[in-house]
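The structure appears right after this line, and notes come after that.
The values are calculated or read from the model by the stated rules, or taken from the named source; none is laboratory data. If you're wondering where the values come from, they're calculated on a predicted model, not measured in any experiment. All Cβ positions, glycine included, derive from the backbone under ideal geometry; neighbour counts span all protein chains shown. To get the accessible areas, we keep the full protein, side chains included, count just its heavy atoms, and leave off ligands, DNA and RNA. Shrake-Rupley method; radii C 1.70, N 1.55, O 1.52, S 1.80 Å.
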Amino acid sequence: MKSEKFDNKILELFKKHDDSYLSGEEVSRALGISRQALWKHIEKLRETGYIIEAVPHLGYKLMQVPDKILVPEIRWNLKTKIIGREMHFYENAGSTNDIAYELARTGAREGTVVIANEQARGKGRLGRKWASPEGGVYLSCILRPDILPNEIPKITLVAATSAVKAIRRFSGLHALIKWPNDIFISDRKVGGILTELKGEPDRAVFVVLGIGINVNTPKHMLPEKGTSIKEESKSGRDFSRVDFIKEVLIALEKEYMKFKGGGFSSIRGDLKSFSCTLGRHVNVMTGKRKKIEGKAVDIDKDGALVVALASGKRERILSGDVRIER
Ligand code: BT5
């Protein structure tokens, strides 16, 4: 058994008995290791920030879990079947999307997740930057959906729906989607999705789904119109990024499974009800550098934004940057 597995097992035992002391003998017997080896593992856990009390004749007790992103903590009791079964964590990454892309290219399985505490070169769409200081959640997930390359925008919408559900469940805040990939709270951007694809003409080989969400990030570290869950919650306390990541992985698995089983129509209702774009007057820059102005009236069965122009004509937009005018 690898050392990390022992650490997980020890933490698991502690959590099962979270209001009592566990004797060294009990733990070492359960793990099949010596008392000396157990002590070394306890020391290692302490170095990573766990506070573990040791009382003579009573044993060990886990007093506090560190406010850090720790993979064993994320794995603890995580009941997903695909998303996050394999996880890679980086204290400092360039971009989790780039790392995940490389892993996918070399065969990593569907559901593999890459998480970073911070990113030096966080990416937005179209070469833009994603501010990624410590305090946010930066994760990328490898998906291998059986869809055509031109259906990829639907994956972005599946992810946006998942992100909104996770934020609402976790914080109670009224998160919304600005089509197609922005997550907003009170008219400020709290998160974004970046979907990248390796495709062949007739199929998507794999998709890297990048999700960035400002959890505890202070406003001064974000662009002008950015916000974080902590800033919006006004409670002043830090949120557990570990718990939040779990919510995101669970929500993503649920929505992705719905999408795989029932197609885009099975998430479309929720997506539309979370939209802060529908019903508004918008200005959209599409990929062709074309500007479209009008009222956003629908997100259709392909995930396209439908805009009603002043002329009465309707335009379907598959990708673009939306500015909400009024
Ligand atoms: C996005 O792009 O919103 C996609 C963001 C995806 C980030 C994740 S983090 C994990 C994974 N690894 C990566 O390298 N990326 C993904 P876009 O719609 O192009 O928005 C970018 C714009 O949002 C910037 O030009 C800024 O105006 C603004 N922005 C940048 N960082 C922000 C932040 N942390 N919070 C709010 N707004 C931000």
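Quick notes on this one:
- Which of PHE89, HIS41, PHE170, positive extreme of dipole for region 39-172 (C-beta unit charges): PHE170
- Within a Gaussian network of the chain (alpha carbon springs, distance under 10 Å), most fluctuating of GLY94, GLY107, GLY294: GLY107
- A full extension of the chain between LYS44 and TRP76 corresponds to an added length of 9.7 nm, given 0.36 nm per residue minus the alpha carbon distance.
- Relative contact order (%) - the chain, alpha-carbon pairs under 8 angstrom, separation at least six: 13 percent
- Karplus (6.51, -1.76, 1.60) ³J(HN,Hα), θ = phi - 60°, over region 47-63, in Hz, Gly and Pro reported as x: 4, 8, x, 6, 9, 10, 7, 10, 10, x, 6, 9, x, 9, 9, 7, 9
- FRET efficiency, 1/(1 + (r/R0)^6) with R0 56 Å, evaluated for LYS16 and LEU197 via beta carbons: 0.85
- Net charge of Cβ neighbours under 13 Å - reference GLY136; Lys, Arg +1; Asp, Glu -1: 0
- Proximal lysines relative to LYS15, as straight alpha-carbon distance under 23 Å, when same-chain residues fewer than 8 apart are discounted: LYS2, LYS5, LYS40, LYS44, LYS61, LYS68, LYS79, LYS81, LYS246
- Neighbourhood net charge (13 Å Cβ-Cβ; Lys/Arg +1, Asp/Glu -1) for GLU47: +2
- Put a plus charge on the Cβ of each Lys and Arg, a minus charge on the Cβ of each Asp and Glu, and nothing anywhere else: the dipole of the chain about its Cα centre is then about 960 debye.
- Hz values of 3J(HN,Hα) by residue in region 193-209 - Karplus curve (6.51, -1.76, 1.60), Gly and Pro given as x: 10, 10, 9, 10, 9, 10, x, 10, x, 10, 7, 8, 6, 7, 10, 10, 9
- For region 152-157, the Karplus equation 6.51 cos²θ - 1.76 cosθ + 1.60, evaluated at θ = phi - 60°, returns couplings of 4, x, 5, 5, 4, 6 Hz by residue, with Gly and Pro reported as x.
- Carbon plus sulfur fraction of accessible area for the chain, probe 1.4 Å, in percent: 50 percent
- For GLU4 and ILE292, a Förster radius of 56 Å and the Cβ-Cβ distance give a FRET efficiency of 0.65, rounded to the nearest 0.05.
- Listed residues ASN8, SER235, VAL27: farthest to the positive end of the dipole of the chain (Cβ charges): SER235
- Looking at region 221-261, the trypsin sites (Lys or Arg not before Pro) that sit in a DSSP loop and have at most 15 other Cβ atoms within 10 Å of their own Cβ are LYS225, LYS234, ARG237.
- Whole-angstrom gap from region 213-247 to region 261-296, using each part's C-alpha centre: 26 Å
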